[in-house]
Amino acid sequence: MCDTCGCNVTPGNEHLVRADGKLSRTDDGKAAITVLQSLVSENDHQAAHNRDHFDRHGVLSVNLMSSPGSGKTALLEATIDALGHELKIGVVEGDLETENDAERIRARGVTAIQISTGSACHLDAHMVHSALHHMNLDELDLVFIENVGNLVCPASFDLGHHHNVTLLSVTEGDDKPAKYPVMFRAADLMLLSKADLLAVLDDFDTGKAERHLRELANNAPALELSAKTGAGMDAWFGWLRHQIGEQRERVARRETRVPAVQSEGKTLHTHDHGHIHSHAATEHAHAARARHRHTG
Amino acid sequence: MHELSICRGIINQAEALAVEHNARRVTGIKVLIGPLSGVEPALLAQAFPLASAASVADGAELQIEYSAVVVRCTACDTESEVAPNRLLCKKCGAWQTQVIRGDEMLLASLELEKNETEPDRLAV
Ligand SMILES: Nc1nc2c(ncn2[C@@H]2O[C@H](COP(=O)(O)OP(=O)(O)OP(=O)(O)O)[C@@H](O)[C@H]2O)c(=O)[nH]1
Ligand SMILES: [Mg+2]
Ligand SMILES: [Zn+2]
Ligand SMILES: [Zn+2]
Ligand SMILES: [Zn+2]
């Protein structure tokens, strides 16, 4: 356990949580302890472990998030069709109720592991971990995780991936980054999907969508594309190829990358619990001991 | 409604800390939440009794401190309190800011009822 890890204690909030001592007695014989650990620290530890799996195998992992029906699976299908000969791709599908999306991916000749945990509204690092153990990462260059269609919940859970790609289909309106700031602040790349429909929509303004994204202090690129017509897809493929190159370099330097949304505290703060993360027989009872490597 | 899974995480952490600190019960839990964490305080408060039932924190008081969003401008270094969807510097208008407060979701502290029979190995 990293009791005092305080992953997101920042200079700005520190005074709110600081107490006199780590353990202090109150009058009635009760003890008060200062903890300062993330509410999702269990998930974060599991995510760090997942990231370690990806990094050990030199795999780039991308988390796709959007509202339901924004075109995540269609984007994956078109990406597999275009890059399948050049990159070995695997997909973790967070379609919780049906096998539809996984089947669409498998029809492309690509491994798709379905996460089926009923009606959850987001994926978490533990779900992704079990899926990863049904995948041969040695054979892959790139793993997509298609999250549950939801613009709220998935943003709070690190899955151990390297990049958040958030889709906003042009039929949803250009104000979505302002309405869902937590989600869009986390985006490393914003894809304005179904751009072929721009011709019939008179009120979607790409510039406005991008402005709303900047107002979240996010400098992520925004790309217009259509999985249906192929327009704009080359820029997306270029981004992917670039990130795969970056991931290979990071792996060679024994570094990793944590997705965009990290508080200042997290980037300032590095710690190593000193446990060597060994992948021996007891491998997966040790989520809480996964070694952290925060490199921002 | 991911607040229920977040609550379960809090309870698991509280159980581990109770064991570590030789406590039989957790009577109070203080969390610190910011608007940019994606956690809704009202939903968290609603989920807590459900998640804590029959746990070491059954009946514990959950205290939620909700912070404002504060950004620091990377251009002029000014700090501004802002709305969660307009993280702009109030002095120079730049969007190149860093969130210094308001995206936290922290377990801040616990109040424990100690086991009286055993020595308090962690007292300071
Ligand atoms: N016109 C147009 N329609 C698209 C495009 N991409 C997807 N669609 C349509 O949008 C609908 C939803 O697409 P999906 O790919 O299933 O969306 P999704 O985000 O995977 O949906 P969930 O997994 O259910 O959240 C389907 O009817 C697609 O044919 C596009 O580029 N242009
Ligand atoms: Mg889908
Ligand atoms: Zn593992
Ligand atoms: Zn939810
Ligand atoms: Zn400024």
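Which of the three applies to the stretch A:110-150, rounded, prolate or oblate, going by the alpha-carbon gyration tensor with a ≥ b ≥ c and a/c under 1.5 meaning rounded? Can you show the working numbers first?
Details: a/c = 2.33, a/b = 1.86, b/c = 1.26.
Prolate.
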Can you pull the accessible area of A:THR73 for me, 1.4 Å probe, Å² to the nearest 10? 10
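As a test of the definition: with a 1.4 Å probe, what buried accessible area, both sides summed, do you compute for A against B, in Å² to the nearest 100?
Numbers: alone 14180 and 7600 Å², together 17580 Å².
Chain pair A/B: roughly 4200 Å² of buried accessible area.
Mind ranking A:TYR180, B:TYR66 by accessible surface for me, highest first, 1.4 Å probe?
The most accessible residue leads, giving B:TYR66, A:TYR180.
Just the projected area, averaged over all directions, of the convex hull on the alpha carbon atoms of the stretch B:3-112: how many nm²?
Numbers: hull surface 29.2 nm².
Result: 7.3 nm².
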Compute the label zone of A:ARG106 within the stretch A:125-157: residues whose backbone N is under 17 Å from the point 7 Å along Cα-to-Cβ. A:131-136, A:146
Here the stretch A:177-182 yields Karplus 3J(HN,Hα) values (6.51, -1.76, 1.60; θ = phi - 60°; whole Hz; Gly and Pro given as x) of x, 6, 7, 10, x, 5
Once amide H atoms are built 1.01 Å from N in the peptide plane, which residues 5 or more positions from A:VAL143, or in another chain, come under 5 Å H to H? A:LEU60, A:SER61, A:VAL62, A:GLY90
Once Rh for the stretch A:131-262 is found with the Kirkwood sum over Cα pairs, what is the Stokes-Einstein diffusion coefficient at 37 °C and 0.692 mPa s, in µm²/s? 205
Counting only other chains, and only Cβ atoms inside 10 Å, what mean value do you get across the residues of A:204-212? 0
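Taking the Cα centre of the stretch B:3-112 as the origin, how large is its charge dipole in debye, to the nearest 20, when only Lys and Arg (+1) and Asp and Glu (-1) carry charge on their Cβ atoms?
Details: 9 positive and 13 negative charges, 48 e Å.
Result for the stretch B:3-112 is approximately 240 debye, rounded to the nearest 20.
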Could you sort out which of A:LYS30/B:LYS30; A:LYS208/A:LYS228; A:LYS179/B:LYS30 sit more than 21 Å apart by Cα distance in this structure? A:LYS208/A:LYS228; A:LYS179/B:LYS30
Let me cross-check B:CYS7: its accessible surface, 1.4 Å probe, with only protein heavy atoms counted, in Å² to the nearest 10? 0
Formal net charge of residues neighbouring A:ALA112 (Cβ-Cβ distance under 13 Å; K, R +1; D, E -1): -3
What is the stretch A:109-186 by shape, rounded, prolate or oblate, if you read a ≥ b ≥ c off the alpha carbon gyration tensor as root eigenvalues and call it rounded for a/c under 1.5, prolate for a/b larger than b/c, and oblate otherwise? prolate
Amide proton proximity set for B:LYS114, modelled H, under 5 Å, gap of 5+: A:ALA31, B:ARG24
Just check the stretch A:41-124 against the gyration tensor rule for me: Cα atoms, a ≥ b ≥ c as the square roots of the eigenvalues, rounded for a/c under 1.5, and otherwise prolate or oblate depending on whether a/b exceeds b/c. oblate
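Inside 10 Å of the C-beta atoms of B:27-33, what's the mean count of C-beta atoms belonging to other chains? Don't skip to the answer; put the middle values down first.
Working: counts 5, 3, 1, 6, 3, 7, 1.
That works out to 4 on average.
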Under 5 Å, built H, 5+ apart or other chain: amide partners of A:GLU224: A:LEU192
Please compute the average number of Cβ atoms from other chains found within 10 Å of each residue's Cβ in peptide A:38-50. 4
Rolling a 1.4 angstrom probe over the protein chains, ignoring ligands and nucleic acids, what is the accessible area of A:PHE204 in square angstrom, nearest 10? 20
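The values are calculated or read from the model by the stated rules, or taken from the named source; none is laboratory data. Everything numeric in this text was worked out from a predicted model, so none of it was measured. Glycine also receives a Cβ, built like all others from the backbone with ideal geometry; neighbour counts cover every protein chain displayed. The protein model used for the area step is the full one, side chains on, heavy atoms only, and it has no ligands, DNA or RNA in it. Shrake-Rupley method; radii C 1.70, N 1.55, O 1.52, S 1.80 Å.
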